[in-house]
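The values are calculated or read from the model by the stated rules, or taken from the named source; none is laboratory data. Just so you know, these numbers come straight off a predicted model, no measurement behind them. Here the Cβ is made from the backbone with ideal geometry for all residues, glycine too, and neighbour counts use every protein chain on show. To get the accessible areas, we keep the full protein, side chains included, count just its heavy atoms, and leave off ligands, DNA and RNA. Shrake-Rupley method; radii C 1.70, N 1.55, O 1.52, S 1.80 Å.
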Amino acid sequence: MEQENQQPVVIAVDLGCGQNKPPIEFFTNNMQITPTQVIGVDFANCEGVDIIHDLTIFPYPFEDNSIDVIHSSHFVEHLDGIERMKFMDECYRILKPGGKMRLLHPYYKSVRAVQDPTHKWPPISENSYFYWDRSWRELNKLDHYPIKCDFEFGIYYTWQDPTIANKNEETRNFYIDKYWNIVADMVVDLKKR
């Protein structure tokens, strides 16, 4: 009896999706992975939500090492520092080894970081992501923090003024360093080690 060639199941989860769960094509075009299924998770029962779950309650309703890719847009800024540590550890738990995650959130020097009264302290900067890297925590004698995750990451920006994107890298970096309200959002791609 011949075995049929079956495509592997590739699961994407959108945490805090609200009514904006992305389609499969989003993951293919933006994260270079094509899921066979996208699962939307949110505390609100609305269109696009497949699992109703409060993301401040742990654990999430997924098995260890069961998810290929996680997307979360404009959710982590609604968590305080302690909740973010738990969120990152929980994402690490459910991602498969080598799994990818993309987080999108307001940049700490953007008015967008503080305009919404439901955003929590602290606003998120590039350096915030070092805490999700185990070797950095060990090197900086912070391995006593209650964090287990270990991610590598890359950071990208969306601009308040889209013409900034056309400037050279040195000019963009100068603007990011010296001025407020240049960057609107950070887009951070993480990979589970």
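Structural remarks
- Rounded to whole Å, the principal axis extents of the Cα atoms in segment 39-146 read 43, 36, 21, largest first.
- In a fully extended conformation the segment linking residue 163 and residue 89 would gain 23.0 nm over its present Cα-Cα distance, using 0.36 nm per residue.
- Accessible surface, 1.4 Å probe, highest first, among residues 139, 104, 15: 139, 104, 15
- Qualifying lysines (Cα of each under 24 Å from Cα of residue 192; at least 8 residues distant if same chain): 21, 86, 96, 100, 141, 148
- Solvent-accessible area of residue 88 with every protein chain in place, 1.4 Å probe, in Å² to the nearest 10: 0
- Stretch gain in nm, segment residue 66-residue 32, where the contour uses 0.36 nm per residue and the Cα spacing is subtracted: 10.4 nm
- Of all DSSP bridge pairs formed entirely within the chain, close to 50 percent run antiparallel.
- Mean-position separation - Cα centroids, segment 116-182 and segment 13-46, in angstrom: 23
- Per residue accessible area in Å² of segment 4-151, where ligands, DNA and RNA are left out and the probe is 1.4 Å: 53
- Phi-derived couplings, Karplus 6.51 cos²θ - 1.76 cosθ + 1.60 at θ = phi - 60°, listed residue by residue for segment 76-86: 4, 6, 8, 10, 7, x, 5, 5, 5, 4, 5 Hz, with x used for Gly and Pro.
- Residue 184 long-range amide H proximity, modeled H, under 5 Å: 158, 159, 160
- The candidates 151, 130, arranged from most to least accessible area with a 1.4 Å probe in the full protein assembly, appear as 130, 151.
- FRET efficiency for the residue 9 to residue 193 pair, using the beta carbon distance and R₀ = 22 Å, is estimated at 0.45.
- Nearest-10 value in Å² for the accessible area of residue 56, using the 1.4 Å probe: 60
- Computed from the C-beta positions of residue 53 and residue 180 and an R0 of 35 Å, the FRET efficiency is 0.50 to the nearest 0.05.
- Take every pair of alpha-carbon atoms less than 8 Å apart whose residues are at least six positions apart; their mean separation over the length of the chain yields a relative contact order of 19 percent.
- Cα-Cα P(r), the chain, percent of pairs per 10 Å interval: 9, 33, 36, 18, 4, 1, 0
- Note on exposure: 153, 62 ranked by accessible area (1.4 Å probe, complete protein assembly) read 153, 62, with the most exposed listed first.
- Estimated at 0.36 nm per residue, the fully extended path between residue 156 and residue 170 surpasses their Cα-Cα distance by 3.6 nm.
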